[in-house]
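Contents: one structure, followed by commentary.
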Amino acid sequence: MRRLEGYQVLRNRNYRLFWLGQWVSLIGTWMQTVTQAWLLTRLGASPLALGMLGAATSAPVLVLVLLGGLVSDHLDRRRVIMATQTLSLLQASLMAALTLAGIVHPWQIISLAAVLGAINAFDIPARQAFVVELVGPEHLPNAIALNSTGFNVARVVGPAIGGLLTAAVGEGVCFLVNAVSYLAVLWSLWRITLPRRASAPRPAVSQRHALAAGFSYVIERPDLRSILALVGVVSAISISYRNFLPAMARDVLQIGAWRYGLLMAAAGVGAGLGGFLLAGARLGSDSRRRLLPAGLACFGLSLGAFALSRSFGLSLVLLAFVGAGGIVYFNATNTFVQLSADDQHRGRVMSLYTLMHQGTSTLGSLVLGAIANRFGTPAALEAGAVVCLGAMSAFSGRGLLAVAGRLTSRAGRSASPSSDRSALPRRQ
């Protein structure tokens, strides 16, 4: 039964409400993500336009996420999340209205993707830091793994539903269903009850030097600097592969909307299974440290093989391994960074993590889009795989393994029974 101990975090009422609401909303988000890329392709857009779509989604994160982390550290995080989810609902509603009216154009799809990226710049740091308020440091690794599991199960269900709806009734209905799904997370946030200490307002955002203090905190921590740099290198090139799956589906594998949805879902199946196992495991710090380069190797090798595949069935299997390797890698880095940062700076540290994880993909999407336009989409994905394997080799060196050791040592102290448990919510 020890393998199932990690799931005890779901006995926490607040976290359970938050997790379920996010999961429903994420199904709708994945429906919109795959559908807007397919709609752009159906309107005759080139692979470069798909790269621009990915860049439009991540560029606002690159510009605004540090401000989002500052807001997360100084305002009530639950209220911040409720505001961002409401704005996301409005964005999805506008996308649905334009598409259902038959007046949608590629520039509108890309522009609205940029709007959602700006919203996410404030939503992601607040949402990630809020998890610690809900479960405390002891259960944080398992909560992060469960969040990843929910994300990737939604990544399976969402594209499948999106593919069916697109084929049956068109893209506009997919966007409308996504808008409705945001009501679930708003309801769950409204039902959460936090102790007075956890929900008390933080100091005003206008504090001088607050943003610089967050930078200084990371700069003075070589362990955090190194792991964030690794995340930035991998995310800049390798993770952008998702943006080019529509082109692989249409031009290389020559499949339609429904099978394209299955292609997107395959990576989610692998990631969901990997996240499920991680969520239930009680891993020691040494085990988590070894998982990081192993996850990178699995991701890079599988992505490179997928780029060479011309079989739909084989591509599904390879993308499942891509998803499994990716979830192991990002779960390890997210856990290390969150547990090694104190609560006073956690929002700003997670904003830097988000900047490295998602913001750097702006450049990566444009670079891979240019490679795909010149040499073909498979060549672009091969380039991403090479970068990922190079980063894995660098991390496997003694210096970066020592960095991971320092991070896991801090994480172990944070999650020890003697840790301050005052941030844990009372039983309801």
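If the condition is being of a type outside the set (A, V, I, L, M, F, W, C), in contact with a Ser or Thr (Cβ under 6 Å, 6 or more places away or on another chain) and farther than 16 Å from GLY170 by Cα, then region 22-44 contributes only SER25.
Only residues that are under 15 Å from LEU39 (Cα atoms) and either part of a helix (DSSP H, G or I) or of a type in the set (S, T, N, Q) (or both): list them for region 169-186, please.
The first filter runs over region 169-186 and keeps only residues under 15 Å from LEU39 (Cα atoms), leaving 169-176.
Hits for region 169-186 are VAL169, GLU171, GLY172, VAL173, CYS174, PHE175, LEU176.
Reported count of residues in region 136-160, each being β-branched (Val, Ile, Thr) and surrounded by fewer than 23 Cβ atoms within 10 Å (Cβ to Cβ), is 2.
Being surrounded by fewer than 24 Cβ atoms within 10 Å (Cβ to Cβ), in contact with a Phe, Trp or Tyr (Cβ under 9 Å, 6 or more places away or on another chain), under 20 Å from LEU189 (Cβ atoms) and of a type in the set (Lys, Arg): is that true of ARG78 here? Yes: the conditions hold for ARG78. The set of residues in region 207-252 being crowded, with 24+ Cβ neighbours inside 10 Å, small (Gly, Ala, Ser) and modelled with pLDDT of 80 or more consists of ALA247, ALA249. Out of ALA45, ALA96, ALA83, ALA59, one residue alone is within 30 Å of ALA167 (Cβ to Cβ) and either of a type in the set (S, T, N, Q) or in a helix (DSSP H, G or I) (or both). It is ALA96.
Here ILE124 fits the description: closer than 18 Å to ASN331 by Cα and aliphatic (A, V, I, L, M).
Listed by position, the helices (runs of 4 or more DSSP H) contained in region 303-381 that have at least 1 residues being among the charged types (D, E, K, R) and over 18 Å from the mean Cα position of the chain (by Cα) are 343-354, 361-375. Kindly check whether there is at least one residue in region 259-273 that is at pLDDT 75 or above, buried (at least 19 other Cβ atoms within 10 Å of the Cβ) and within 22 Å of VAL337 (Cβ to Cβ). Yes, region 259-273 contains at least one residue that is at pLDDT 75 or above, buried (at least 19 other Cβ atoms within 10 Å of the Cβ) and within 22 Å of VAL337 (Cβ to Cβ).
Note on region 211-258: among residues that are in contact (Cβ under 8 Å) with a residue 12 or more places away in the chain and not in a helix (DSSP H, G or I), the one that is farthest from LEU165 (Cα to Cα) is ARG221. All conditions in (1) hydrophobic (A, V, I, L, M, F, W, C); (2) surrounded by fewer than 23 Cβ atoms within 10 Å (Cβ to Cβ); (3) under 14 Å from TRP23 (Cβ atoms); (4) modelled with pLDDT of 80 or more hold for VAL169, with the sole exception of (3).
When you go through PHE276, PHE299 one by one, which is the residue that is of a type outside the set (D, E, K, R), in a helix (DSSP H, G or I), at pLDDT below 80 and farther than 26 Å from ILE109 by Cβ?
On the way: PHE299 fails: at pLDDT below 80.
Just one listed residue meets the conditions, PHE276.
The values are calculated or read from the model by the stated rules, or taken from the named source; none is laboratory data. Computed from a prediction, not measured in an experiment: that's the story for all the values here. Virtual Cβ from ideal backbone geometry, glycine too; neighbours counted across all protein chains shown.
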